[in-house]
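Enquirer: Here it is, the structure in full.
The values are calculated or read from the model by the stated rules, or taken from the named source; none is laboratory data. Since this is a predicted model, take the numbers as computed values, not measurements. Reconstructed Cβ throughout: ideal geometry from the backbone, glycine too, with neighbour counts over all protein chains shown. When the accessible area is computed, the model is the full protein with side chains, heavy atoms only, and any ligands, DNA or RNA have been set aside. Shrake-Rupley method; radii C 1.70, N 1.55, O 1.52, S 1.80 Å.
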Amino acid sequence: MNVRFEHVTLTYNNGVEVLHDMDFELPDGELIALLGPSGGGKSTTLNLVSGLLRATTGKIFFGDDEVTEKDALQRGVGMVFQNYALYPHMTVLENIVFPMKMAKVAKDVRNERARALAKLVRVDDQLNKKPGALSGGQQQRVAIARALAKNPSVLLLDEPLSNLDARLRVEMREEIRRIQQATGVTTIFVTHDQSEAMHVADKIMVLNDGVIQQFDSPQSLYQNPQNQFVARFIGEPVINEVPATALREHLVLPATAVTVGIRPEAIKSPVMDAPVLPVTAERIQAFGRDRQATLRFGDYRLVTTEIIEAVDQVSLDKTGVYAFNAAGERLPIDWDGKRV
Amino acid sequence: MMNNTKPTWRDNLKALGYLLPMLIIVGMFSLYPIIKSLAMSFYTDYNFFTNQVNAIGFDNFKTLWQDANFHLAVWNTIVFVVGVVPVEIILSLAIASLLNQINRLAGLFRTLYFMPFVTSVVAISMVWRWIYNKDAGLLNYLLGFVGVHPIDWLNDPHYAMPALIILAIWKGLGFNILLFLVALNNVDQRLYDAAMLDGANSWQRFWHVTLPMISPMTFLVTVNAVIGSFKVFDEIFALFGGQPGPGHSTLTVVYYLYQMFYEQNKYGLAAASGVVLFLMILVVTLFQLWWSKKHVHY
């Protein structure tokens, strides 16, 4: 089911508008991440999709049906809460069966379907345990199975991985991907971790201050950020930001450019036909597979992942250099222009 | 001191020294009276003032077995417990659930419901004596509106027990409501959201989420209410002016014990009836414990 927002806003009772003119369409059958810092509006957006919150203005569509005034149950969404919200007094099987029991599905049908779902999320050997006896990852799986039990129109996951330790997080994000692809249900998940979103999502919506910053595939978000916020939020290590004035003697920059962002991997050993910056090496470190060097360029520090020994000049790879104006909007750079 | 060596006799003696003051108090005021009253129930010929025991045996229990008054007391106690506990639990849970829903005035209502708990039983009973009054009472006045003829609550043997039960329920509500409110507040709101999304209506959410989640508190409240109700005495004494109701209609086991001890000076009999009451409470509480294993979710 594709989900469409038409000029949706949300204003809290105290008069503060927290979401501004949300206008987007989430394609059917894809895994979509809502990414942004806390307070950016991503959980609020999720709750608007779920129907737990009502839009102040604008319209929400599921497919061709307008659902703006419908509640969560009528919209038929499945939701996995951050703390999983499993019923602690019920066994795993009873938890998964519960939505179907409420929908008065025949007993043998619902038990069979619950077992199939448990198998899908790989908790079929835990059916008679209580949630308290399961690990965080297993509880997460049960919560997903319960949400899938009613054939949801959309599956919503609120910070699904934040309660797990680092290793489990990597495992579970792959699991969410696998389960989403196996069921084909349109899935929306909220996260503040860019690498999580980058690894599993088909499309990522970056939200900040209740405004959509960019809605794109992970790769184009990284390679083609529309504004300074997205460039800064996506990528690890964080993009280097240097005032345009310091770079104008080395690069041809648009007149209104204020800041230039340089991806760490765009700073390389000198090559022909590429802009060159004079630098001094400050520190070069290796962390297992990863390398990181801190270079000094005038008054500014640049972090790079490509330099492995002390150098006095570096080249810039133009695919990783972005110019932004005072408002943080991306400006095109004319690479064929002459140096001033 | 952190070590894994075995404590020596010296260490044990030292520990005992620290514990001794408390042990003496507990022993003197808790353990000794329990053992003494148990022993006293077997004294068949006993001088209370000289503490001289002339004969022991099972005669006290035999007497109780044959005493019609004691049978009545046991029966009345059971009627009282069965009449009070379920209604009190259901009513206080219902009121607590409602209080949990409202935002305004919840504090005021909570205080109002809690008042009976902090007020003296004697004072409460005075007010209820007026409420139950046949000619000038509030209850008959209100019942008059629905066409019920005046009932002589306190002097009619048929109505004395219901009157006592109503008073006891009302008195117990406040504290139980408070306990239920605590339990209701501790239920994770997300569970209700999840249940709502799972298609449970408000009654189903109450049945499948609230009830299991607060079951430990319900268990505590029930055990407490059962034990308290088995031991009912002061309400009777105050409500019926030092009588066990008209025609012994509210004679309970503890009231019987009181009569034997203070009015008839049959100390052995009083102690024996106390032991019987203890066994009754023990059986019921063990049953509750057994039942809770299956139905209480911690």
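Enquirer: State yes or no: is B:MET40 in contact with a Phe, Trp or Tyr (Cβ under 8 Å, 6 or more places away or on another chain) and farther than 17 Å from B:PHE230 by Cβ? First the steps, then the outcome.
Expert: Values: in contact with a Phe, Trp or Tyr (Cβ under 8 Å, 6 or more places away or on another chain): yes; farther than 17 Å from B:PHE230 by Cβ: yes.
Against the criterion (in contact with a Phe, Trp or Tyr (Cβ under 8 Å, 6 or more places away or on another chain) and farther than 17 Å from B:PHE230 by Cβ), B:MET40 qualifies.
Enquirer: Among the residues in region B:197-209, are any assigned to a loop (DSSP other than H, G, I, E, B), touching a His at 6+ places or on another chain (Cβ under 8 Å) and more than 29 Å from B:ILE165 (Cα to Cα)?
Expert: Step one: list which residues in region B:197-209 are assigned to a loop (DSSP other than H, G, I, E, B), which gives B:198-201.
Those still in the list that are touching a His at 6+ places or on another chain (Cβ under 8 Å) too: B:200.
Keeping just the survivors that are more than 29 Å from B:ILE165 (Cα to Cα) gives B:200.
For region B:197-209, residues assigned to a loop (DSSP other than H, G, I, E, B), touching a His at 6+ places or on another chain (Cβ under 8 Å) and more than 29 Å from B:ILE165 (Cα to Cα): present.
Enquirer: Can you name the residue in region B:144-195 that is among the β-branched types (Val, Ile, Thr), open to solvent by less than 50 Å² (accessible area, probe 1.4 Å) and in a helix (DSSP H, G or I) and, of all such residues, is farthest from A:ALA143 (Cα to Cα)? Working first, answer last.
Expert: First, pick out the residues of region B:144-195 that are among the β-branched types (Val, Ile, Thr): B:146, B:148, B:151, B:165-166, B:169, B:177, B:182, B:187.
In the following step, the residues that additionally are open to solvent by less than 50 Å² (accessible area, probe 1.4 Å) were identified as B:151, B:165, B:169, B:177, B:187.
Of the ones still in play, those that are also in a helix (DSSP H, G or I) are B:165, B:169, B:177.
Values: B:ILE165: 47, B:ILE169: 42, B:ILE177: 33 Å.
If we take residues in region B:144-195 being among the β-branched types (Val, Ile, Thr), open to solvent by less than 50 Å² (accessible area, probe 1.4 Å) and in a helix (DSSP H, G or I), then B:ILE165 is farthest from A:ALA143 (Cα to Cα).
Enquirer: Sort out which residues of region B:229-240 are assigned to a helix (DSSP H, G or I) and either surrounded by 17 or more Cβ atoms within 10 Å (Cβ to Cβ) or of a type in the set (Ser, Thr, Tyr) (or both), and write them in order of number. If you could, list the steps in order and put the result at the bottom.
Expert: Taking region B:229-240 and keeping what is assigned to a helix (DSSP H, G or I), we get B:229-230, B:234-239.
Of everything in region B:229-240, those that are assigned to a helix (DSSP H, G or I) and either surrounded by 17 or more Cβ atoms within 10 Å (Cβ to Cβ) or of a type in the set (Ser, Thr, Tyr) (or both) turn out to be B:SER229, B:PHE230, B:GLU235, B:ILE236, B:PHE237, B:ALA238, B:LEU239.
The rows are residues; the columns are (1) within 24 Å of B:VAL221 (Cα to Cα); (2) surrounded by 19 or more Cβ atoms within 10 Å (Cβ to Cβ); (3) of a type in the set (Asp, Glu); (4) in contact with a Cys (Cβ under 9 Å, 6 or more places away or on another chain).
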site	(1), (2), (3), (4)
B:GLY242	no, no, no, no
B:GLY247	no, no, no, no
B:TYR256	no, yes, no, no
B:GLY268	no, yes, no, no
B:SER273	no, yes, no, no
B:VAL283	yes, no, no, no
B:TRP290	yes, no, no, no
B:HIS295	yes, no, no, no
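Enquirer: Same structure, new question: Looking at (1) within 14 Å of chain A (Cβ to nearest Cβ); (2) in contact with a Gly (Cβ under 9 Å, 6 or more places away or on another chain); (3) of a type outside the set (Gly, Ala, Ser), which is the only condition B:VAL209 fails?
Expert: (2) is the only condition that B:VAL209 fails.
Enquirer: Could you say which residue among B:LEU31, B:LEU38, B:LEU23, B:LEU72 is within 30 Å of B:HIS158 (Cα to Cα), modelled with pLDDT of 90 or more and surrounded by 11 or more Cβ atoms within 10 Å (Cβ to Cβ)? Lay out the reasoning, then the answer.
Expert: Details: B:LEU31 fails: within 30 Å of B:HIS158 (Cα to Cα); B:LEU38 fails: within 30 Å of B:HIS158 (Cα to Cα); B:LEU23 fails: within 30 Å of B:HIS158 (Cα to Cα).
Among B:LEU31, B:LEU38, B:LEU23, B:LEU72, only B:LEU72 is within 30 Å of B:HIS158 (Cα to Cα), modelled with pLDDT of 90 or more and surrounded by 11 or more Cβ atoms within 10 Å (Cβ to Cβ).
Enquirer: For residues that are acidic (Asp, Glu) and more than 10 Å from chain B (Cβ to nearest Cβ), tally how many sit in region A:68-93. It would help to see each step written out before you state the result.
Expert: Restricting attention to region A:68-93, the residues satisfying the condition of being acidic (Asp, Glu) are A:69, A:71.
So of that shortlist, the ones also more than 10 Å from chain B (Cβ to nearest Cβ) come out as A:69.
Total satisfying the criteria: 1.
Enquirer: Mind checking which residues of region A:211-229 are in a loop (DSSP other than H, G, I, E, B) and either more than 12 Å from the chain's Cα centre (by Cα) or buried (at least 19 other Cβ atoms within 10 Å of the Cβ) (or both)? Talk me through it step by step, then tell me what you get.
Expert: Pass one, region A:211-229, residues in a loop (DSSP other than H, G, I, E, B): A:217, A:224-226.
The answer is A:ASN224, A:PRO225, A:GLN226.
Enquirer: Can you tell which of B:ASN54, B:ASN103 is part of a strand (DSSP E or B) and surrounded by fewer than 19 Cβ atoms within 10 Å (Cβ to Cβ)? Before the answer, list the steps.
Expert: Details: B:ASN103 fails: part of a strand (DSSP E or B).
Exactly one residue qualifies, and that residue is B:ASN54.
Enquirer: Now, a different point. Taking the stated definitions as given, is B:PHE49 part of a loop (DSSP other than H, G, I, E, B) and either open to solvent by 50 Å² or more (accessible area, probe 1.4 Å) or farther than 20 Å from B:PHE278 by Cα (or both)? Walk me through how you get there before you give the answer.
Expert: Details: part of a loop (DSSP other than H, G, I, E, B): yes; either open to solvent by 50 Å² or more (accessible area, probe 1.4 Å) or farther than 20 Å from B:PHE278 by Cα (or both): yes.
For B:PHE49, the condition - part of a loop (DSSP other than H, G, I, E, B) and either open to solvent by 50 Å² or more (accessible area, probe 1.4 Å) or farther than 20 Å from B:PHE278 by Cα (or both) - is met.
Yes/no matrix, rows are residues, columns are (1) out of contact with any Gly (no Cβ under 9 Å at 6 or more places or on another chain); (2) under 30 Å from B:PRO216 (Cα atoms):
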| residue | (1), (2) |
| --- | --- |
| B:PHE42 | no, no |
| B:ASP59 | no, no |
| B:VAL81 | yes, yes |
| B:ILE95 | yes, yes |
| B:LEU112 | no, yes |
| B:PHE117 | no, yes |
| B:ALA123 | yes, no |
| B:ILE131 | no, no |
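Enquirer: From the list B:THR77, B:THR8, B:THR63, which residue is of a type in the set (Val, Ile, Thr), open to solvent by less than 90 Å² (accessible area, probe 1.4 Å) and over 30 Å from B:GLY245 (Cα atoms)? Write out each step before concluding.
Expert: Working: B:THR77 fails: over 30 Å from B:GLY245 (Cα atoms); B:THR63 fails: over 30 Å from B:GLY245 (Cα atoms).
The conditions single out B:THR8.
Enquirer: Checking the structure you have, find out if any residue of region B:172-193 is closer than 30 Å to A:VAL77 by Cα and basic (Lys, Arg).
Expert: yes
Enquirer: Condition (residue is part of a loop (DSSP other than H, G, I, E, B), within 14 Å of chain B (Cβ to nearest Cβ), open to solvent by 50 Å² or more (accessible area, probe 1.4 Å) and within 16 Å of B:ALA195 (Cβ to Cβ)) applied to region A:153-176: is it met by at least one residue?
Expert: no
Enquirer: Also, quick follow-up: Show the residue pairs that are 6+ apart or on different chains and have beta-carbon atoms under 8 Å apart, the first residue being within region B:252-270 and under 21 Å from B:ALA238 (Cα atoms), the second being open to solvent by 50 Å² or more (accessible area, probe 1.4 Å) and of a type in the set (S, T, N, Q).
Expert: Cβ pairs passing all conditions: B:TYR256/B:ASN69.
Enquirer: Moving to a separate point now. With the structure loaded, tell me whether A:VAL142 is in a helix (DSSP H, G or I), open to solvent by 50 Å² or more (accessible area, probe 1.4 Å) and either among the hydrophobic types (A, V, I, L, M, F, W, C) or within 19 Å of A:PRO99 (Cβ to Cβ) (or both) or whether it fails that test.
Expert: Working: in a helix (DSSP H, G or I): yes; open to solvent by 50 Å² or more (accessible area, probe 1.4 Å): no; either among the hydrophobic types (A, V, I, L, M, F, W, C) or within 19 Å of A:PRO99 (Cβ to Cβ) (or both): yes.
Taking the combined requirement at face value, the residue does not satisfy it.
Enquirer: Return yes or no: is A:LEU253 in a strand (DSSP E or B) and at pLDDT 85 or above?
Expert: Working: in a strand (DSSP E or B): no; at pLDDT 85 or above: yes.
Answer is no for this residue.
Enquirer: Do we find that A:VAL8 is open to solvent by 10 Å² or more (accessible area, probe 1.4 Å), touching a residue at least 24 places away in the same chain (Cβ under 8 Å), touching a helix residue (DSSP H, G or I) at 6+ places or on another chain (Cβ under 7 Å) and part of a strand (DSSP E or B) in this structure? Break it down into steps so the answer makes sense when it comes.
Expert: Details: open to solvent by 10 Å² or more (accessible area, probe 1.4 Å): no; touching a residue at least 24 places away in the same chain (Cβ under 8 Å): yes; touching a helix residue (DSSP H, G or I) at 6+ places or on another chain (Cβ under 7 Å): yes; part of a strand (DSSP E or B): yes.
No, not satisfied.
Enquirer: Sticking with this one: Does A:GLU171 fit the bill of being of a type in the set (Asp, Glu) and touching a strand residue (DSSP E or B) at 6+ places or on another chain (Cβ under 7 Å)?
Expert: Details: of a type in the set (Asp, Glu): yes; touching a strand residue (DSSP E or B) at 6+ places or on another chain (Cβ under 7 Å): no.
Criteria not met by A:GLU171.
Enquirer: Hey, among A:SER38, A:SER43, which residue is surrounded by fewer than 22 Cβ atoms within 10 Å (Cβ to Cβ), part of a loop (DSSP other than H, G, I, E, B) and of a type in the set (Ser, Thr, Tyr)? Explain how you work it out, then say what you get.
Expert: Details: A:SER43 fails: part of a loop (DSSP other than H, G, I, E, B).
Matching residue, one of A:SER38, A:SER43: A:SER38.
Enquirer: Is there a residue in region B:163-171 that is within 14 Å of another protein chain (Cβ to nearest Cβ) and hydrophobic (A, V, I, L, M, F, W, C)? Give the derivation first.
Expert: The first filter runs over region B:163-171 and keeps only residues within 14 Å of another protein chain (Cβ to nearest Cβ), leaving none.
Taking every residue of region B:163-171 in turn, none turns out to be within 14 Å of another protein chain (Cβ to nearest Cβ) and hydrophobic (A, V, I, L, M, F, W, C).
Enquirer: It is to be established whether one or more residues within region B:252-271 are within 16 Å of B:ALA73 (Cα to Cα), within 17 Å of the chain's Cα centre (by Cα) and in a loop (DSSP other than H, G, I, E, B).
Expert: Yes, region B:252-271 has at least one match.
Enquirer: Can you name the residue in region A:94-122 that is within 29 Å of the chain's Cα centre (by Cα) and more than 8 Å from chain B (Cβ to nearest Cβ) and, of all such residues, is farthest from A:VAL185 (Cα to Cα)? Don't jump to the end; show me each part of the working.
Expert: Applying the first criterion (within 29 Å of the chain's Cα centre (by Cα)) to region A:94-122 yields A:95-96, A:99, A:117-122.
Going one step further and asking which of them are more than 8 Å from chain B (Cβ to nearest Cβ), we end up with A:95-96, A:117-122.
Values: A:ASN95: 20, A:ILE96: 17, A:LEU117: 14, A:ALA118: 17, A:LYS119: 17, A:LEU120: 14, A:VAL121: 14, A:ARG122: 18 Å.
Looking at residues that are within 29 Å of the chain's Cα centre (by Cα) and more than 8 Å from chain B (Cβ to nearest Cβ), I get A:ASN95.
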